[in-house]
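This report refers to the structure that appears directly beneath it.
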Amino acid sequence: VVDATSLGWGTRVKGFIACFAIGCLFSVLGSCLLWIPKKGLMLFAVFYTLGNIASIGSTLFLMGPMKQLKRMFEPTRLIATVVMLVSI
């Protein structure tokens with residue numbers, strides 16, 4: 001089962017690049033939408049948050065979800081992780 005569900009290195013890099021590019025695109029789009037009258041602030045918040053989540057999620061392709069979560073919640077990174085997640 002592990003061999004059938006694991007991704008090859010090339011697929012992981014392509015997934016990382018695609019997810020990171022989408023995250024950057026959403027963040028820039030959110031910043032551009034900030035200047036729309038009345039609904040701009042709400043659109044900014046939604047797109048900027050989705051961009052940040054996609055950019056952080058892109059690293060899951062490189063390391064895998066469990067390894068990423070273990071590293072995020074190491075004692076030396078715990079405070080930074082909690083602050084970042086609360087800020088999102």
Report summary line: The answer for the chain, accessible area per residue at 1.4 Å probe in Å², is 74 Å²
Query raised in the report: With the contact rule set at Cα under 8 Å and sequence spacing of 6 or more, what percent relative contact order holds for the stretch 8-87?
Result: 32 percent
Requested in this report: Kindly identify the chain as rounded, prolate or oblate by the Cα gyration tensor criterion: order the square roots of the eigenvalues as a ≥ b ≥ c, call it rounded if a/c is under 1.5, otherwise compare a/b with b/c, prolate if a/b is larger, else oblate.
Outcome: oblate
Query raised in the report: With springs only between Cα atoms under 10 Å, which of Phe73, Phe47, Phe61 fluctuates most in a Gaussian network model of the chain?
Result: Phe73
Query raised in the report: For the residue pair Ser6 and Thr81, what label-to-label distance in nm results when each label sits 7 Å from Cα along the Cα-to-beta-carbon direction?
Result: 2.3 nm
Query raised in the report: Of Leu29, Leu60, Leu78, which has the largest mean-square fluctuation in a 10 Å C-alpha GNM of the chain?
Result: Leu78
Report task. Give the ranking of Thr81, Thr11, Thr49 by solvent-accessible surface, highest area first, calculated with a 1.4 Å probe. Result -> Thr11, Thr49, Thr81
**Report entry** Most mobile listed residue (Ile36, Ile56, Ile17) in the chain, GNM with C-alpha springs under 10 Å
**Finding:** Ile36
Query - Residue-span extension gain [Ile53 to Glu74] - 0.36 nm each, minus C-alpha spacing - result: 5.6 nm
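The values are calculated or read from the model by the stated rules, or taken from the named source; none is laboratory data. Because the structure is a prediction, the values reported are computed rather than measured. Cβ atoms come from the backbone with ideal geometry, glycine included; neighbour counts cover every protein chain shown. To get the accessible areas, we keep the full protein, side chains included, count just its heavy atoms, and leave off ligands, DNA and RNA. Shrake-Rupley method; radii C 1.70, N 1.55, O 1.52, S 1.80 Å.
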